[in-house]
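**Student:** Got a structure here, written out as structure tokens. Questions coming.
FYI, it's all coordinate maths here, none of it is from the lab. In this text, all values refer to a predicted model and were calculated from it rather than measured experimentally. As a convention, Cβ positions derive from the backbone with ideal geometry for all residues, glycine included, and neighbour counts pool all protein chains shown.
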Amino acid sequence: MNDFSLTELVPILQTAIGPVILISGVGLLLLSMTNRLGRVIDRSRILVHELRDDPAVHKEIVMGQIRILAKRAKLLQQSIILVTVSVLFAAVLIIALFLTALFHFEYAWLISTLFIGCLAALICALVIFIRDLNLSLEAFKMDIMEENLDILKEE
């Protein structure tokens with residue numbers, strides 16, 4: 001292994017800062033997604049208990065809500081998995097940056113592939129997350145229509 005001086009190590013650390021910042025930002029996104037998933041699960045449990053305990057409840061409406069919540073949970077699961085893959089790619093990217101600098105490897109294709117994989121997984125996660133948001137709004141509109149409220153009338 002080569003002995004590195006501080007002046008040689010600093011540029012490597014500066015290069016590795018980008019993926020570290022990406023991990024930090026994506027971590028906040030992951031927190032948001034897991035909180036949304038928790039709320040979906042909590043709401044599903046409430047509706048299942050409502051179905052079981054109250055025979056007078058409108059079963060079709062509650063079952064429709066549960067179906068939407070199940071779809072949302074699946075979408076959020078997919079998003080969370082893809083965001084986690086993105087963070088894993090970023091972590092491996094940091095390690096690859098250090099190893100290529102330490103051993104003077106010329107593997108630009110590896111660095112590029114890891115970076116593209118990281119961002120591709122993040123983009124896919126965000127697209128799926130948007131689908132969850134749209135489904136959430138659709139369920140909200142159904143709740144409002146059920147209550148005969150005209151709050152969200154389309155113009």
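**Student:** Just round it to a whole percent: the fraction of Cα-Cα distances in the stretch 28-71 exceeding 11 Å.
**Tutor:** Values: 624 of 946 pairs.
Of all Cα-Cα pairs in the stretch 28-71, 66 percent lie more than 11 Å apart.
**Student:** Pick out, from V85, T34, F105, the residue whose Cα sits farthest towards the positive end of the charge dipole of the stretch 6-146, with +1 on the Cβ of Lys and Arg and -1 on the Cβ of Asp and Glu.
**Tutor:** Positive-most Cα among the choices belongs to T34.
**Student:** State to the nearest 20 debye the size of the charge dipole of the chain about its Cα centre, where the only charges are +1 on K and R beta carbons and -1 on D and E beta carbons.
**Tutor:** Using Cβ point charges on Lys, Arg, Asp and Glu, the chain gives about 340 debye.
**Student:** Peptides 130-141, 52-63: what's the order by average Cβ count within 10 Å, highest mean first?
**Tutor:** For the peptides 130-141, 52-63, the packing ranking is 130-141, 52-63.
**Student:** Report the extension gain between F98 and E138 in nm, rounded to one decimal, defined as 0.36 nm multiplied by the number of residues separating them, less their alpha carbon distance.
**Tutor:** Roughly 9.7 nm would be gained on extension.
**Student:** What's the lysine pair count for the chain at a Cα cut-off below 20 Å, pairs eight or more apart or interchain?
**Tutor:** Pairs that pass both the separation and distance tests number 4.
**Student:** The stretch 109-139 to the stretch 49-80: how many Å between their Cα centroids?
**Tutor:** For the stretch 109-139 versus the stretch 49-80, the Cα centre distance is 25 Å.
**Student:** Any idea what the alpha-carbon Rg over 2.2 N^0.38 Å comes to for the chain?
**Tutor:** 1.53
**Student:** Add -39500 (n - 2.57) for each DSSP H run of 4 or more in the chain, then divide by its residues: what number comes out at 222 nm, to the nearest 500 deg cm²/dmol?
**Tutor:** -31500 deg cm²/dmol
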